[in-house]
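In what follows, a single structure is set out as structure tokens and then discussed.
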Amino acid sequence: MAEPKAAYSKEFLKAVEVGRPPNIQRLFPNSKALLVSGKVIDRALIAKGQAMTIAANARNHLVIRGVLKAAQRANAAVIVEIAKSEGGANAYCAVNYWNLARQVDAVCNELGITVPVAIHADHYGIKKAEDVERAKVEIPSMFDAGITSIAIDASHLPDDENLLANIELNPFIPSWAGLETEVGEIKGKEGLSTVDEALFLIKGLNAHSIFPDWIALNNGTTHGIQASDQGIQVDLTASIHAALEPYRVSGAQHGTSGNSSQRLKEIATKTRTTKANVATALQMLSWGVEVNDYGNAVLDGEGRFKKLPGEGVEEELWEEMVAYAAEKGWSGGNYKKLNLPFENKILGQPREVRERMARRVEEFVYWLLTEVFNAADTAPLAISAILEAGSHDLGPKVGRMEDPAGWTEEKIRERARSLDKNEPGPEGDFDD
């Protein structure tokens, strides 16, 4: 059955004309997909108020289809993203930094999607000095391929090195692009971010005329499959966001899996969060694994993922995936490594199977957007922001307020030594 084609309004067509960044116009000159800067999405959610939208990690192509269908139904501005571990140079997914925009653009045109979509490079990790030099080459290549928003994640480094890495890499990011920064490596209930650390990072960036759209915190959750229900610390998040209010930076909530819908509603209503990352749950849903209200995969009596008959991938393919994981010694969260070797087999299934995979993602994301995140009807707000600006570049939300003389490299290192910070948390794989 053919997908219904949406009618293109005058406002939408004008937004396509003026609101697509230069890289998107160059790559897709004849497209009617409204791929936009992350700034546009952030402004739409701010305009709605007490709302955040999904930043969906597209670990396979069918997740992209499901997310975009849900966004269209909800009339919501959304973000489609991939993280460095998922889609960087050493990826475990076939979807990557360099083909994500092409896939999203193709699906938008195929299905007549008329909501704005940002293409976000999530968790572009900087863990050592050599990573900074490589990033100076790689980041421009990603924007050449259609990325419209990026998260520079140097949170694994000490606070001074985190700030300095952000400053050094900023010239390689287009000024119109969405920008996310991060403080406090995501690592669970220990080592939580502090107000002092967050202010240090944002003030230091402001002094160098760098104005992030979002800040991600270690506010009490982890990525992937959760080991506990400790979850996001709403009060901590709210207090840090309140302290940052003069700098107009929004929150980016990582690791939403493992948190109930009620807690996610509180993040939307009680904090300044506008971006909520969802990764593992979407992967599991597409495969046909049962997922609970916390976004966690349900296990059977023997500790294995509970695959629902008639949902997700074909049963024979699922058995092959399970056997492959066992052979590799992968379990739990490491099932994510199945994405790369099985993408083509997934896409080679019958149409009805592929459609049910995408549909399961669609229903979950639609529920999040409309019932949990309060993101419904934010697409017109994003389009209005574009038309009001008359441009793809909405500019910063705030100007420089900090004195650059107080934020030289020497003074940054001096300030960092006196920061109020929590003890580091446990080590682990917390890339997405």
Quiz item: Using 7 Å Cα-to-Cβ label points, what is the S384/E319 separation (nm, one decimal)?
Solution: 5.5
Quiz item: Volume per residue, Å³, of the convex hull around the alpha-carbon atoms of region 68-148?
Solution: 87
Self-check item: Proximal charge balance of F28 [Cβ under 12 Å; K/R count +1, D/E count -1]
Solution: +3
Quiz prompt | Which of A91, S149, H254, positive extreme of dipole for region 10-415 (C-beta unit charges) | solution = S149
Quiz item: So, in Å, what gap is there between the alpha-carbon centers of region 44-88 and region 333-403?
Solution: 1
Self-check item: Paramagnetic reach from D293 in region 258-284 [backbone N under 16 Å; point 7 Å along Cα→Cβ]
Solution: 258-267
Quiz prompt | Share, in percent, of DSSP beta bridges within the chain that are antiparallel, nearest 5 | solution = 10
Quiz item: Karplus couplings for region 108-124 from phi (6.51 cos²θ - 1.76 cosθ + 1.60, θ = phi - 60°), rounded to Hz, Gly and Pro as x?
Solution: 4, 5, 4, 9, x, 6, 10, 9, x, 9, 9, 10, 10, 8, 8, 6, 6
Quiz item: Based on DSSP H runs of at least 4 residues, each adding -39500 (n - 2.57), what is the mean residue ellipticity at 222 nm of the chain after dividing by all its residues, to the nearest 500 deg cm²/dmol?
Solution: -13000 deg cm²/dmol
Self-check item: Within the chain, longest stretch free of exposed GluC sites (Glu not before Pro) [DSSP loop, at most 16 other beta carbons within 10 Å]
Solution: 1-189
Self-check item: Normalised per residue, the volume of the convex hull around the Cα set of the chain (Å³)
Solution: 128
Quiz item: About its Cα centre, how strong a charge dipole does the chain have in debye, to the nearest 20, once Lys and Arg get +1 and Asp and Glu get -1 at the Cβ?
Solution: 1200
Quiz prompt | Residues V249, V107, V36, V18, sorted so that the one with the fewest Cβ neighbours within 10 Å comes first | solution = V18, V107, V249, V36
Quiz item: Hey, what did the chain get for relative contact order, percent, Cα under 8 Å, at least 6 apart?
Solution: 25
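Where a number appears in this text, it was derived from the coordinates with a stated rule and is not lab data. Just so it is clear, the structure is predicted and the values come from calculations on it, not from any experiment. Ideal geometry is used to build each Cβ from the backbone, glycine not excepted, and the neighbour counts take in all protein chains shown.
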